[in-house]
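Taking it in order: structure first as structure tokens, then the write-up.
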Amino acid sequence: MTKSFRVTLLPGDGIGPEIMTVAVAVLKQVGEQHNIQFDFTEALLGGAAIDATGSPLPAETLSTCQASDAVLLASIGGYKWDDLPREKRPETGLLGLRSGLKLFANLRPATILPQLLSASSLKPEIVEGVDIMVVRELTGGIYFGTPKGIFETEDGQRGVSTMVYHSSEIDRIGKVAFETARKRKGQLCSVDKANVLDVSQLWRDRITALSTHYPDVELSHLYVDNAAMQLVRAPKQFDTIVTGNLFGDILSDAAAMLTGSIGMLPSASLGESGPGVFEPVHGSAPDIAGQDKANPLAQVLSAAMMLRYGLDQPKAADQIEQAVLTVLDQGYRTGDIMSEGMKAVGCREMGEALKQALRPK
Ligand code: IPM
Ligand code: MG
């Protein structure tokens, strides 16, 4: 029997449309082989939406996403929109989408592929075998806390952002993290700044309390500055990391780069129910947009995460992940992961190689 899924595509800005084209071609091909039919609807987000409608998250985009089974997002933002007031910036559209769909849990895996060991800026013996899952809280913390803004005062302007976590927000992301760790190596490291911030002390207390329900998971705590240092010093000590929105933003970029290129890493943003959003960790790379230079693999792996975590189609997800390994084994490399002796290709050719790798033998 053919299964059918409604998928909203948000190609966004910069390299977004190019890498999305590759991911959609891959999904269609895998769909045919697994009797999955995708009903794709494209919608506007970020700079593309600002140019067309004046808003970075048009109401129609949010309702289209809400009515779908999953959302595949590429990337948003670019120099062109950087000087707009905050409410009109592409990033505000992305944050609105996350909070509009209540996607409080962001899973960002950083796995070292043996094929790309030499692409890492760290020594191979340090990064070989690294397999980390960063579980980042996504709809709270300093990104959304109030008061916020730039205020005029008698002695100059005052900029304010507020880091807030309610115990219920910590508990729900904590549960996702403990359950994620349980399916992995059973080690969870919670990252905070409890030596300075009260909000972090509450974070630590709640995560510690939760741990009594997960006796099979080994819990540790690190301050965020130490965690950043440990990530580049000895990344193999980490299995699953749970942290708040801002620290997760920073640490997930650092963890991503251990793998050699941020152009390889997908992510999944999930809520209690409803559609998830699947997107690469990298941004819109406006400097190389439209030049067929982008690495589409993070986008393709995000499509695989969509199949696995959003649509419950693990076999199709496995097949895509396998195809990515195959093209790397065959030596295909975009500029960001290029090394000596490999075949330099552009975004489109990488897509062709993937389609070839997906064909039944
Ligand atoms: C990310 C990005 C976003 C974030 C920006 C674009 C708003 O850096 O997804 O990590 O800070 O969450
Ligand atoms: Mg980021």
(message) Name the residue that is farthest from TRP81 (Cα to Cα), counting only residues in segment 280-298 that are under 14 Å from the mean Cα position of the chain (by Cα) and within 16 Å of ligand 2 (Cβ to nearest atom).
(response) ALA298
(request) Specify the residue that is farthest from the chain's Cα centre (by Cα); the eligible residues are those in segment 91-113 that are of a type in the set (S, T, N, Q) and surrounded by fewer than 19 Cβ atoms within 10 Å (Cβ to Cβ). (result) SER99
(request) Answer yes or no as to whether LEU219 is open to solvent by 40 Å² or more (accessible area, probe 1.4 Å), among the hydrophobic types (A, V, I, L, M, F, W, C) and away from ligand 2 (no atom under 16 Å from the Cβ). (result) yes
(request) Test GLY96 against the stated conditions and say whether it is modelled with pLDDT of 95 or more, within 15 Å of ligand 1 (Cβ to nearest atom), of a type outside the set (S, T, N, Q) and part of a helix (DSSP H, G or I). (result) yes
(request) Just give me the residues in segment 120-142 being open to solvent by 30 Å² or more (accessible area, probe 1.4 Å), of a type in the set (A, V, I, L, M) and away from ligand 2 (no atom under 16 Å from the Cβ), in sequence order. (result) LEU122, ILE126
(message) Looking at the structure I just gave you, is ILE320 touching a Leu at 6+ places or on another chain (Cβ under 9 Å), under 17 Å from MET20 (Cα atoms) and touching a residue at least 60 places away in the same chain (Cβ under 8 Å)?
(response) yes
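Here's the yes/no breakdown for (1) touching a strand residue (DSSP E or B) at 6+ places or on another chain (Cβ under 9 Å); (2) without any contact (Cβ under 8 Å) to a residue 12 or more places away in the chain; (3) of a type in the set (A, V, I, L, M, F, W, C); (4) at negative phi:
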| site | (1), (2), (3), (4) |
| --- | --- |
| SER4 | yes, no, no, yes |
| LEU9 | yes, no, yes, yes |
| ILE15 | yes, no, yes, yes |
| ALA23 | yes, no, yes, yes |
| VAL26 | no, no, yes, yes |
| ALA49 | yes, no, yes, yes |
| ALA67 | yes, no, yes, yes |
| ALA74 | yes, no, yes, yes |
(message) Considering only segment 143-155, I want to know if a residue exists there that is buried (at least 18 other Cβ atoms within 10 Å of the Cβ) and on the phi > 0 side of the Ramachandran plot.
(response) no
(request) Those residues that are in a helix (DSSP H, G or I) and away from ligand 1 (no atom under 14 Å from the Cβ), I need them from segment 264-287; list them, please. (result) MET264, ASP287
(request) Search segment 229-269 for residues being open to solvent by 40 Å² or more (accessible area, probe 1.4 Å) and more than 14 Å from ligand 2 (Cβ to nearest atom), and hand back the single one that is nearest to ALA304 (Cα to Cα). (result) LYS236
(request) Mind listing whichever residues of segment 10-35 are open to solvent by less than 10 Å² (accessible area, probe 1.4 Å) and in a strand (DSSP E or B)? (result) LEU10
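The values are calculated or read from the model by the stated rules, or taken from the named source; none is laboratory data. Bear in mind that the values here come from a model prediction, so they are computed numbers and not experimental data. Here the Cβ is made from the backbone with ideal geometry for all residues, glycine too, and neighbour counts use every protein chain on show. Heavy atoms of the whole protein, side chains included, go into the accessibility calculation; ligands, DNA and RNA do not. Shrake-Rupley method; radii C 1.70, N 1.55, O 1.52, S 1.80 Å.
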